[in-house]
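Beneath this line is the structure, given in C-alpha cells, with notes to follow.
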Amino acid sequence: MILGTIDLGTNTVLMVVGSKEPSGTVRILADEHDVGRLGKGVDANGLILPETFDRIARILTRYRLIAEELGAEKIIGFGTSALRDARNRDQFIAAMMEQAGVELQLLSGTDEAELSFQGALFGLQGDTDQIAVIDIGGGSTEIAQGVGKSFLQGVSINVGAVRVTERFFGGELPPSKSAVADAREFIRTAFLETLRLPTQTTVVGVAGTITTLGAMSMGLDRFDPREVNGARLSGQWIRKTTEALLKLGLEEIKEILQVMEGREDIITGGGLVLDEFVRAFDVKEIIVSTQGLRYGLLMQQLERYNKAL
C-alpha cells in the first residue's frame, strides 16, 4: 500500500509519500516542502485568517495530486500547534476537505513529540543510551526522549519560531535588545519549567530552523537534505550564529543562501529558541536530521493500514 502523510505545521506544509516493502523497510517515493504560514496571526487573535484558508487549500490540492499520481491509496494530513490553538479549526478542517479533498486530523502535542522522535531517527545510524529529539516548529517545540530508538516520554512547549517572532519582534529585524532579552527569558523559563534533560544525552534536531542552520554550518550553495542529514552543530557554533542573526535585518537574512524563501523572517526567532535550549541544558552538540514528524506519521499509518489488511 502507498500512503501520503502531510505535516501541516504553523509555518510549513510537508508531505512524504511512501510504501512498506515485504522486507519491512519503508520506501520513500516523494518528499515535498512548502511554506503555508498557517499560524499567521493565530498567536495574537486565536483565528486562522481567511487568506490562509485559500493558501493552504492550494498547497494541499497540489500535494493530493502528486500523491495520487504516485498511486497513493490514502492521503491524510495532521495539524499541529497552530491548528490546536485556533478557535476556528473545525471550520478550517471542513474547508480543506471540501476545497482540497484532504482529510485533516488534529495531533496532540504528546503524539507529535513521539512521532517526531520516530521520524527523526529514520535513516540515522547508530544507537545511544540516552537520546532526545528537539523539533522546533512555528508555534511549539517538542522534546522527545528515549533509549536507543525506543521512545519513553515527550513534551510540547508553546515556544516556536513564528510565535517568538510575532510576540516579541513584531516585524522588527534586527530586534531590539529589550525584545531579545524578553524573548530569551520567555523561552528559557518555558524550557526549565517543563523539561529535565539527563547529562550525556545525545540530542537530534529536526525541522526547518535546525536544518537551515545545518546547511549554513556546511556552507552549502543551496539547501540539500541529503548533505545536511547527519550534520553536527556544536553548542558554541549555535550560540555564535544566533548572536550574528540577531544583528541582521530582513534583507541581509535574505542574502544568506541556505535560508529558504518563507523562512527569512523567522529564522532569527527559531535560532533563539535553539540557543536557549542549548544554554539551559548545557548541550554540547546537536545532530541534524532532515526527517521528522512526517516520517513518523508515515511509518505509523503504514503500520496501521498493513495490520488492517
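The values are calculated or read from the model by the stated rules, or taken from the named source; none is laboratory data. The structure displayed is predicted, hence computed values, not measured ones. So basically every Cβ, Gly included, is an ideal-geometry build from the backbone, and we count neighbours across all protein chains shown.
For the reader, a short list of remarks on this structure follows.
- Being touching a Gly at 6+ places or on another chain (Cβ under 9 Å), over 29 Å from residue 150 (Cβ atoms) and either in contact (Cβ under 8 Å) with a residue 60 or more places away in the chain or not assigned by TED's automatic domain parsing to the domain that holds residue 170 (or both) is a description that applies to residue 246.
Yes/no matrix, rows are residues, columns are (1) closer than 16 Å to residue 85 by Cα; (2) surrounded by 23 or more Cβ atoms within 10 Å (Cβ to Cβ); (3) in contact with a Lys or Arg (Cβ under 6 Å, 6 or more places away or on another chain); (4) of a type in the set (D, E, K, R):
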{"position": "1", "(1), (2), (3), (4)": "no, no, no, no"}
{"position": "15", "(1), (2), (3), (4)": "no, yes, no, no"}
{"position": "18", "(1), (2), (3), (4)": "no, yes, yes, no"}
{"position": "25", "(1), (2), (3), (4)": "no, no, no, no"}
{"position": "28", "(1), (2), (3), (4)": "no, no, no, no"}
{"position": "35", "(1), (2), (3), (4)": "no, no, no, no"}
{"position": "45", "(1), (2), (3), (4)": "yes, no, no, no"}
{"position": "51", "(1), (2), (3), (4)": "no, no, no, yes"}
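- Failed item in (1) without any contact (Cβ under 8 Å) to a residue 24 or more places away in the chain; (2) closer than 26 Å to residue 119 by Cβ, with residue 170 passing the rest: (2)
- A count restricted to the range 259-286 and to residues that are farther than 25 Å from residue 143 by Cβ and without any contact (Cβ under 8 Å) to a residue 60 or more places away in the chain stands at 1.
- Output for the range 279-309, where each listed residue is buried (at least 23 other Cβ atoms within 10 Å of the Cβ) and either touching a helix residue (DSSP H, G or I) at 6+ places or on another chain (Cβ under 6 Å) or assigned to a helix (DSSP H, G or I) (or both): 288, 289, 290, 291, 292, 293, 294, 295, 296, 297, 298
- Selection over the range 66-102 of residues that are in a helix (DSSP H, G or I) and among the hydrophobic types (A, V, I, L, M, F, W, C) gives a count of 11.
- Against the numbered list (1) more than 20 Å from the chain's Cα centre (by Cα); (2) aromatic (Phe, Trp, Tyr); (3) at pLDDT 85 or above, residue 305 comes up short only at (3).
- Applying the condition of being closer than 25 Å to residue 259 by Cα and of a type outside the set (A, V, I, L, M, F, W, C) to the range 55-67 and asking which residue is surrounded by the most Cβ atoms within 10 Å (Cβ to Cβ) yields 63.
- A residue that is surrounded by fewer than 19 Cβ atoms within 10 Å (Cβ to Cβ) and in contact (Cβ under 8 Å) with a residue 40 or more places away in the chain cannot be found anywhere in the range 78-86.
- On the stretch given as the range 230-262, residues that are in a strand (DSSP E or B), out of contact with any Lys or Arg (no Cβ under 9 Å at 6 or more places or on another chain) and of a type in the set (S, T, N, Q) total 0.
For every residue, the table says whether it meets (1) of a type in the set (Val, Ile, Thr); (2) modelled with pLDDT of 85 or more; (3) surrounded by fewer than 17 Cβ atoms within 10 Å (Cβ to Cβ).
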site: 142; (1), (2), (3): no, yes, no
site: 146; (1), (2), (3): no, yes, no
site: 150; (1), (2), (3): no, no, yes
site: 159; (1), (2), (3): yes, yes, no
site: 163; (1), (2), (3): no, yes, no
site: 171; (1), (2), (3): no, no, yes
site: 180; (1), (2), (3): yes, yes, no
site: 185; (1), (2), (3): no, yes, yes
site: 191; (1), (2), (3): no, yes, no
